[in-house]
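*Asks:* Sending over a structure as structure tokens; questions will come in a sec.
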Amino acid sequence: MSSDRSLVQIAFYAALIAALGLVPKIELGLAGGIPITAQSLGVMLAGMMLGPVRGGLAVALLLFLVALGLPFLAGGRGGIGMFYGPTAGYLAGYFVGAIVVGAIMQAMRNVNVVVAACVAGVVGGIVVVHALGVPVLAYKAGLTLEKAVMVGSLPFIPGDLIKVVLAAIVVRTVARGLPSAIATRS
Amino acid sequence: MISLYMAGGSWAHKLSARAKLVFLFVLSLLIIPFNTLWFSALLLVFVVGLYGSLGKQGLEKLKAVRPLLWMMAIIFLVHVFLGDIEQGIIAVLRLLAMVLLANFISITTRMEALMDAVEPLFRPLRVFGISPRRVSLAVALVIRFVPILLAVYASLQEAYKARTARANSWRLLAPFALHAIKMTDHVAEALTARGGADGFSGENKS
């Protein structure tokens, strides 16, 4: 694995996370037509495909670009303001989450890829992201922790679970079609 | 891609990027103990005044918070529900003020100037053999990749629409990822063929 390839992969997954936040919302028939943004799906994919180091760096690079003022967060948001808003904790959660997702994928490299992706996605992509996002939301919005969970966590759990499944489907497809692209397995 | 930056030569554009970043950071810490209604309102008025000092164009940039408004509304409603309207107003005012103030930097500072300002933060990465030059290259690559990826997704969507009459589906995600991963390999090869991320000058690590 040359360092050029790693650099391009990191940049590419950062771009993928941004692009998934900008594509039109995907409406899911099976979830009663709830529109979901795919941004956190990209975060999970970065960890699942690239592993903890490069996956984490991809998210860090994306957040750096957001801080530089590029509109790369879901819905075209961006700017340093994002790190002072109520959702700043979720951004930190994306970074740590991608690392945890990658670490779990690597630890479960001999387990069925769909199972490994689901476990990694739930722990890293949901639990870690919310664990960092909710306390910051509570602090920034002057809410109690329970209220912050009600507002900033519970409504998003169903959508997040769907995203974990989608990420697992994508990883499985890639594992079949382009196995070399999954660094956590080779 | 369109960045938030607004071209111009105002007083705020002339300040150094580092000074603006330090000011933001210090202010964000200083306001923590002042949790009253009038202070929060004053803070917001001050920040809106900053935008106003850039002229009409600047005031238009206040629209950047629009995507956050529903979130603010929910936060406010939860406070109302809890029976503390004043705390709700304070929370929303402070959030608006800090987000707008931070965005003010994005609006009045060129991206390259911001990158130069934070470059020292990347120096410790040298220990791991990552030169600041690689960071710049990565930033440029992302900015170039995002529109390409959006175009790839749009073409997949078109093909899907032609076959199913529906505009968008989760089924597009896997082919999208495959397309994109193949593209990464081509770009990596092209980069190596041209001497790698660090170029031909100096020692070649790749």
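The values are calculated or read from the model by the stated rules, or taken from the named source; none is laboratory data. Just so you know, these numbers come straight off a predicted model, no measurement behind them. FYI the Cβ positions are ideal-geometry reconstructions off the backbone, even for glycines, and counts take in every protein chain you see.
*Asks:* Does any residue of region B:174-192 turn out to be more than 7 Å from chain A (Cβ to nearest Cβ) and within 30 Å of B:Ile75 (Cα to Cα)?
*Replies:* So far as region B:174-192 goes, no, none of its residues is more than 7 Å from chain A (Cβ to nearest Cβ) and within 30 Å of B:Ile75 (Cα to Cα).
*Asks:* What number of residues within region B:170-182 are closer than 14 Å to B:Val146 by Cα and surrounded by fewer than 18 Cβ atoms within 10 Å (Cβ to Cβ)? Reasoning before the result, please.
*Replies:* Within region B:170-182, the subset closer than 14 Å to B:Val146 by Cα is B:176-177, B:179-181.
Right, trim to surrounded by fewer than 18 Cβ atoms within 10 Å (Cβ to Cβ) and you get B:179.
Result for region B:170-182: 1.
*Asks:* Pull up region A:95-111, narrow it to residues that are assigned to a helix (DSSP H, G or I) and touching a residue at least 60 places away in the same chain (Cβ under 8 Å), then point me to the one that is farthest from the other protein chains (Cβ to nearest Cβ). If you could, list the steps in order and put the result at the bottom.
*Replies:* Our first condition is that a residue be assigned to a helix (DSSP H, G or I); within region A:95-111, this holds for A:95-107.
Of the ones still in play, those that are also touching a residue at least 60 places away in the same chain (Cβ under 8 Å) are A:102, A:105-106.
On the way: A:Gly102: 16, A:Met105: 15, A:Gln106: 19 Å.
Among them, the one singled out is A:Gln106.
*Asks:* What do you reckon, is B:Leu50 modelled with pLDDT of 90 or more, surrounded by fewer than 19 Cβ atoms within 10 Å (Cβ to Cβ) and farther than 11 Å from A:Gly142 by Cβ? Working first, answer last.
*Replies:* Numbers: modelled with pLDDT of 90 or more: yes; surrounded by fewer than 19 Cβ atoms within 10 Å (Cβ to Cβ): yes; farther than 11 Å from A:Gly142 by Cβ: yes.
Spelling it out, B:Leu50 is indeed modelled with pLDDT of 90 or more, surrounded by fewer than 19 Cβ atoms within 10 Å (Cβ to Cβ) and farther than 11 Å from A:Gly142 by Cβ.
*Asks:* Taking B:Ile75 as the residue in question, decide whether it is buried (at least 19 other Cβ atoms within 10 Å of the Cβ), assigned to a helix (DSSP H, G or I) and free of Cβ contacts under 8 Å to residues at least 40 places away in the same chain.
*Replies:* Working: buried (at least 19 other Cβ atoms within 10 Å of the Cβ): yes; assigned to a helix (DSSP H, G or I): yes; free of Cβ contacts under 8 Å to residues at least 40 places away in the same chain: yes.
In short, yes.
*Asks:* I would also like to ask the following. Among the listed residues B:Phe39, B:Phe23, B:Phe34, which satisfies the condition of being over 29 Å from A:Lys147 (Cα atoms), out of contact with any Cys (no Cβ under 9 Å at 6 or more places or on another chain), without any contact (Cβ under 8 Å) to a residue 40 or more places away in the chain and of a type in the set (Phe, Trp, Tyr)? Lay out the reasoning, then the answer.
*Replies:* Details: B:Phe39 fails: over 29 Å from A:Lys147 (Cα atoms); B:Phe34 fails: over 29 Å from A:Lys147 (Cα atoms).
Exactly one residue qualifies, and that residue is B:Phe23.
*Asks:* Scan B:Leu68, B:Leu27 and give me the residue that is within 23 Å of the chain's Cα centre (by Cα), modelled with pLDDT of 85 or more and within 13 Å of chain A (Cβ to nearest Cβ).
*Replies:* Working: B:Leu68 fails: modelled with pLDDT of 85 or more.
The conditions single out B:Leu27.
*Asks:* Provide a single number: the residues in region B:123-134 that are part of a helix (DSSP H, G or I) and either among the small types (Gly, Ala, Ser) or facing another protein chain (nearest Cβ under 8 Å) (or both). Show your work before the answer.
*Replies:* If we filter region B:123-134 for residues that are part of a helix (DSSP H, G or I), which is where we start, we get B:123-128, B:132-134.
This time we only want the ones that are either among the small types (Gly, Ala, Ser) or facing another protein chain (nearest Cβ under 8 Å) (or both), so: B:134.
Number satisfying all stated conditions: 1.
*Asks:* So, one more: Please indicate, with yes or no, whether at least one residue in region A:98-117 is charged (D, E, K, R) and surrounded by fewer than 22 Cβ atoms within 10 Å (Cβ to Cβ). Steps first, answer last, please.
*Replies:* We begin by selecting, within region A:98-117, every residue charged (D, E, K, R); these are A:109.
Cutting the leftovers down to surrounded by fewer than 22 Cβ atoms within 10 Å (Cβ to Cβ) gives us A:109.
Within region A:98-117, one or more residues are charged (D, E, K, R) and surrounded by fewer than 22 Cβ atoms within 10 Å (Cβ to Cβ).
*Asks:* Scan region A:1-37 for residues that are more than 7 Å from chain B (Cβ to nearest Cβ), modelled with pLDDT of 65 or more and farther than 21 Å from B:Lys182 by Cβ and jot them down.
*Replies:* Residues satisfying the conditions are A:Gly21, A:Lys25, A:Thr37.
*Asks:* Can I ask one more? Check B:Ser53, B:Ser28 and return the single one that is over 21 Å from A:Arg77 (Cβ atoms) and hydroxyl-bearing (Ser, Thr, Tyr).
*Replies:* On the way: B:Ser28 fails: over 21 Å from A:Arg77 (Cβ atoms).
One residue alone meets the criteria, B:Ser53.
*Asks:* Identify, from the list B:Val142, B:Val152, the residue that is at pLDDT 85 or above, under 27 Å from A:Leu65 (Cα atoms), part of a helix (DSSP H, G or I) and touching a His at 6+ places or on another chain (Cβ under 6 Å). Let's see the steps before the verdict.
*Replies:* Working: B:Val142 fails: touching a His at 6+ places or on another chain (Cβ under 6 Å).
Checking each option against the conditions leaves just B:Val152.
*Asks:* Just checking, how many residues over region B:5-22 are under 18 Å from B:Glu119 (Cα atoms) and surrounded by fewer than 18 Cβ atoms within 10 Å (Cβ to Cβ)? Give the steps one after another, and end with the answer.
*Replies:* Here is the first cut: in region B:5-22, the residues under 18 Å from B:Glu119 (Cα atoms) are B:15-22.
The next check asks that each one be surrounded by fewer than 18 Cβ atoms within 10 Å (Cβ to Cβ); those that pass are B:15-16, B:18-19, B:22.
Qualifying residue count for the region: 5.
*Asks:* With on the phi < 0 side of the Ramachandran plot and loosely packed, with under 12 Cβ neighbours inside 10 Å as the only criterion, which of B:Ala167, B:Ala193 stands out?
*Replies:* Numbers: B:Ala167 fails: loosely packed, with under 12 Cβ neighbours inside 10 Å.
Matching residue, one of B:Ala167, B:Ala193: B:Ala193.
*Asks:* A follow-up question, please. Any idea which of B:Thr108, B:Thr164 is hydroxyl-bearing (Ser, Thr, Tyr) and either at the interface with another protein chain (Cβ under 9 Å from one of its Cβ atoms) or under 30 Å from B:Leu59 (Cα atoms) (or both)?
*Replies:* Values: B:Thr164 fails: either at the interface with another protein chain (Cβ under 9 Å from one of its Cβ atoms) or under 30 Å from B:Leu59 (Cα atoms) (or both).
After applying the criteria, what remains is B:Thr108.
*Asks:* Identify, please: which residue in region A:67-79 is at pLDDT 85 or above and crowded, with 24+ Cβ neighbours inside 10 Å and is, among those, farthest from the other protein chains (Cβ to nearest Cβ)?
*Replies:* To start, the set of residues in region A:67-79 that are at pLDDT 85 or above comprises A:67, A:72-73.
Then drop every residue that is not crowded, with 24+ Cβ neighbours inside 10 Å, which leaves A:72-73.
Numbers: A:Phe72: 7, A:Leu73: 9 Å.
Here the answer is A:Leu73.
*Asks:* Somewhere in region B:150-159, is a residue in contact (Cβ under 8 Å) with a residue 24 or more places away in the chain, within 11 Å of chain A (Cβ to nearest Cβ), under 19 Å from A:Gln9 (Cβ atoms) and not polar (S, T, N, Q)?
*Replies:* Narrowing region B:150-159 to residues in contact (Cβ under 8 Å) with a residue 24 or more places away in the chain: B:152.
Among the residues that remain, those that are also within 11 Å of chain A (Cβ to nearest Cβ) are: B:152.
Add one more test, that the residue is under 19 Å from A:Gln9 (Cβ atoms), and what stays is B:152.
Filter again for not polar (S, T, N, Q), leaving B:152.
Yes, region B:150-159 has at least one match.
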